[in-house]
Amino acid sequence: MSERVSTPSSARALVALLAGAVFGLGLAVAQMIDPRKVLGFLDVAGAWDASLLFVLGGAVVVAAIGFHFVLRRPAPLFEERFHVSTLQAIDARVIIGAAIFGIGWGLGGYCPGPAIASLGFGNAEALWVVPAMLAGAGLQRWQARRRGPGQKTAQADASAVTQT
């Protein structure tokens, strides 16, 4: 195993900021920060707008190619190891969590990435959505802590990391 040089946290933060900015710009170009566009995509029984399928398809292709090459490396450029979920079971908690996420997405027209990007573009609706999203995340963390370390949870499985 080769010894890696530690990357300063400022370099990691700059790379994270740059990646977030590119991601947010991509969401804006794809109109994912417009809840009307997203709700039109989710309205499969009404006036369905299928154009976001191209966004989804493009994201899947880019991610598949990226994972194929990046995970061949011994470690990321700006981190000591890859953080990859070991969660393999789909249980009731995963299904319920996905349903709650989908209901929230359908009601508000935002998922987390576009909601945060919308803040950067001055969307007033995001001022309500982002705090609600953060409250939900805080509630989930509180519930996981309340359960205690003795009980295995889906979050504990998802938080486990493997080195590729």
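Derivation of every value follows stated rules applied to the coordinates shown; laboratory data play no part. Since this is a predicted model, take the numbers as computed values, not measurements. As a convention, Cβ positions derive from the backbone with ideal geometry for all residues, glycine included, and neighbour counts pool all protein chains shown.
Some notes on this structure:
- Among the residues listed as V61, V22, V55, V29, the single one being of a type in the set (V, I, T) and over 17 Å from the mean Cα position of the chain (by Cα): V29
- Residues that are over 18 Å from L107 (Cβ atoms), in contact (Cβ under 8 Å) with a residue 60 or more places away in the chain and not aromatic (F, W, Y), drawn from region 119-140: G120
- Taken over region 105-118, the criterion of being out of contact with any Phe, Trp or Tyr (no Cβ under 8 Å at 6 or more places or on another chain) and in contact (Cβ under 8 Å) with a residue 12 or more places away in the chain is satisfied by W105, G106, G108, G109, Y110, P112, P114, A115, I116.
- Residue within region 83-96 that is more than 17 Å from the chain's Cα centre (by Cα) and closer than 22 Å to F23 by Cα present: no
- Among all residues of region 77-90, there is none that is in contact with a Pro (Cβ under 9 Å, 6 or more places away or on another chain) and free of Cβ contacts under 8 Å to residues at least 24 places away in the same chain.
- Only one of A89, A45, A75, A50 that is among the small types (G, A, S), assigned to a loop (DSSP other than H, G, I, E, B) and farther than 30 Å from G108 by Cβ: A75
- Tally, over region 99-149, of residues that are among the small types (G, A, S) and crowded, with 17+ Cβ neighbours inside 10 Å: 7
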